[in-house]
Amino acid sequence: MKKVAIVMGSDSDKAVMKKAADVLKKFDVPYEVHVYSAHRTPEEAGKFAAEAEGNGFGVIIAGAGMAAALAGVLAAHTTLPVIGVPLKSAVLEGTDALLATVMMPSGIPVATVAIDGTKNAAYLAMEMLALSDADLKEKLKADREAMRQGVLAKDKAVGEELK
């Protein structure tokens, strides 16, 4: 199975990015976590992305706040899918990061999830990998069914409680 790269722009992002790692771990998807800054280590970030496919990665998740250029920098150096996670900051609550992540030029796409949407980034990465991994696809289907059953149980419980 291909690995997922979780790249964050700063170690201050690790608490929110850990949620992606936790989801991948739950599904036994191999991953690595790295810290590269689009502005402070642009050469290293570009080299990592350029070599990612050859190093066994299938998808890159990139989380950054504020100017949030990281996902775009990584996407510019690879044809692997890059999923950008705009991270919340104190300045504009993550809106700046959302706009910076989603507004990529034609030909250099970055799939973008919600502000701090690291769990969905992990699920999207797994869905991409599941296109060529039947076992992972089945795990995702089972997870969806478990979520469905959980909502149905809550529906029943709430209905009974409010009678």
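The values are calculated or read from the model by the stated rules, or taken from the named source; none is laboratory data. These numbers come from a predicted model, not from an experiment. Positions of Cβ are generated from backbone atoms using ideal geometry, with glycine treated the same way; all protein chains shown enter the neighbour counts. Please note that ligands, DNA and RNA were not included when accessible areas were found on the heavy atoms of the full protein model with its side chains. Shrake-Rupley method; radii C 1.70, N 1.55, O 1.52, S 1.80 Å.
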Do we find a residue being part of a loop (DSSP other than H, G, I, E, B) and either of a type outside the set (D, E) or modelled with pLDDT under 95 (or both) anywhere in segment 140-149?
no
Cβ-Cβ under 9 Å pairs, at least 6 apart or on other chains, segment 1-21 side farther than 9 Å from A62 by Cα, far side part of a loop (DSSP other than H, G, I, E, B) and of a type in the set (V, I, T)
M1/V29; K2/V29; K3/V29; V4/V29
With touching a residue at least 40 places away in the same chain (Cβ under 8 Å) and touching a Gly at 6+ places or on another chain (Cβ under 8 Å) as the only criterion, which of A122, A100, A64, A111 stands out?
A64
For segment 120-163, enumerate the residues that are open to solvent by less than 60 Å² (accessible area, probe 1.4 Å) and within 24 Å of K14 (Cβ to Cβ).
A121, A122, Y123, L124, A125, M126, M128, L129
